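One structure is given here, and the rest of the page talks about it.
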Amino acid sequence: MKAVVCRHAELEIVERPQPTPGSGQVRLQVLRCGICGSDLHARHGLDDWADLAEQAGYDRFGRSHEPVVFGHEFCGEVAEYGRECRRDVPTGAPVVALPLIRGAKGVDAVGLSVHAPGAYAEQLVVEESLMMPVPNGLDPDVAAMTEPMAVAWHAVRRGEVRPKHVAIVIGCGPVGLGVILMLKARGVRAVVASDFSPGRRALAKACGADVVVDPAEASPFSAMHGRGHLVDIPSALKLAIGTREKLGRLPFGWWHEWRLGERLGAGPKHPVIFECVGVPGVIESIIEGAPLFSRVVVVGVCVGPDRFRPAMAINKEIDLRFVVGYTPLEFRDTLHMLAEGEVDPRPLITGEVGLEGVDKAFSALADPERHAKILIDPHSTAAEPSLPTR
Ligand SMILES: [Zn+2]
């Protein structure tokens, strides 16, 4: 079979033997595989990531000198079962799977380890227990978006966003666009999106953002002023004293009223902000510009060191949360949201290529005006990313 291998930051098509599924594993024929922003970073920065992963206890992450096959956002057809499989899905049926595989030496990250080749290939092996049939005859283009959309769904859930919240999405690459789609699917009525690129802002609109901001011209944090957010320290202090005085006019002790209010979820209003950029300085700019008590969900992956002023975050009591991945349940729910048509990620898909075109697709993705998500179709001969007419 053909596969695209990354080694010393070079992408190259090679012939490899067809992979053999182990116990509890399944070989898939790849239908589509998305090129993830993390693949673009991994091409040049695999060793930095491997060092981080090693410090966190995973020492089998890919290294730049190893022939790593990327690809963790895929859909495929069941081709062959290994031993001790339940075989619930018929051979030839379309499936998606979480990109994790269990071997004798533990669990490996599919598409980011030399021990678990990914879906930039005609075939790959997945774990049967993490594989799910694609329902409703869902288009493989859309099914392949399950993985990145599950990342967005997890971020939205970790942000505990309610329909009444104002949500502000900083950065409208594939991650930010996915978050916008999931926020709208969750019924959030006020979604602000911010990106320097006009092309990305147009995609944010297409994904359902209610207000789109060019941060060079306006602050995304003031786009929804008048929503009762506290923007400075004096207004928070005034609110505290004012609330105490108001409750003091009631016949019961003010502290009983205050406690009851807390139990009912009363408190200062705040937006939920999604950091979907992942470059140094963005967290600081959010802490500086955000209203008091903002909840900040960091989805963008900044691998190097970053700086921010904790005292600024403390003065505003910023609630900073970091998120990664998704649970098998979130992955399954995302697949079904896509299959039921509750979320349509097609605005993100800006091109498709064959394996021959992967190198060109990586270059094309560097330009935010032209591309967001490019899918690989291993059966295609397209050497340049373009939108197929299906
Ligand atoms: Zn990814």
- Query: Any chance the stretch 37-60 includes a residue that's within 16 Å of the ligand (Cβ to nearest atom) and assigned to a loop (DSSP other than H, G, I, E, B)?
  - Reply: no
- Test for Gly261: is it part of a loop (DSSP other than H, G, I, E, B) and either within 21 Å of Lys316 (Cβ to Cβ) or over 33 Å from the mean Cα position of the chain (by Cα) (or both): no
- Query: Within the stretch 126-144, restricting attention to residues that are farther than 23 Å from Thr20 by Cα and in contact with a Lys or Arg (Cβ under 9 Å, 6 or more places away or on another chain), which residue is farthest from the ligand (Cβ to nearest atom)?
  - Reply: Asp139
- Query: Does Val110 satisfy the condition of being in contact with a His (Cβ under 6 Å, 6 or more places away or on another chain), within 16 Å of the ligand (Cβ to nearest atom) and open to solvent by less than 20 Å² (accessible area, probe 1.4 Å)?
  - Reply: yes
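So that you can scan it fast, the table gives a plain yes or no per residue for (1) part of a helix (DSSP H, G or I); (2) without any contact (Cβ under 8 Å) to a residue 24 or more places away in the chain:
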{"site": "Val301", "(1), (2)": "no, no"}
{"site": "Gly304", "(1), (2)": "no, no"}
{"site": "Arg307", "(1), (2)": "no, no"}
{"site": "Glu330", "(1), (2)": "yes, no"}
{"site": "Met337", "(1), (2)": "yes, no"}
{"site": "Gly351", "(1), (2)": "no, no"}
{"site": "Val358", "(1), (2)": "yes, no"}
{"site": "Asp367", "(1), (2)": "no, yes"}
{"site": "Arg370", "(1), (2)": "no, no"}
- Looking only at the stretch 145-161, decide whether some residue is among the hydrophobic types (A, V, I, L, M, F, W, C), assigned to a strand (DSSP E or B) and away from the ligand (no atom under 15 Å from the Cβ). no
- Item | Enumeration of residues in the stretch 157-190 that are of a type in the set (A, V, I, L, M, F, W, C), under 10 Å from the mean Cα position of the chain (by Cα) and open to solvent by less than 10 Å² (accessible area, probe 1.4 Å) | Leu177, Val179
- Query: Can we say Glu66 is more than 16 Å from the ligand (Cβ to nearest atom), surrounded by fewer than 14 Cβ atoms within 10 Å (Cβ to Cβ) and on the phi < 0 side of the Ramachandran plot?
  - Reply: no
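The values are calculated or read from the model by the stated rules, or taken from the named source; none is laboratory data. None of the values given here were measured: they were computed from a predicted structure. Virtual Cβ from ideal backbone geometry, glycine too; neighbours counted across all protein chains shown. Quick note on the areas: whole protein, heavy atoms, side chains included, nothing else; ligands and nucleic acids left out. Shrake-Rupley method; radii C 1.70, N 1.55, O 1.52, S 1.80 Å.
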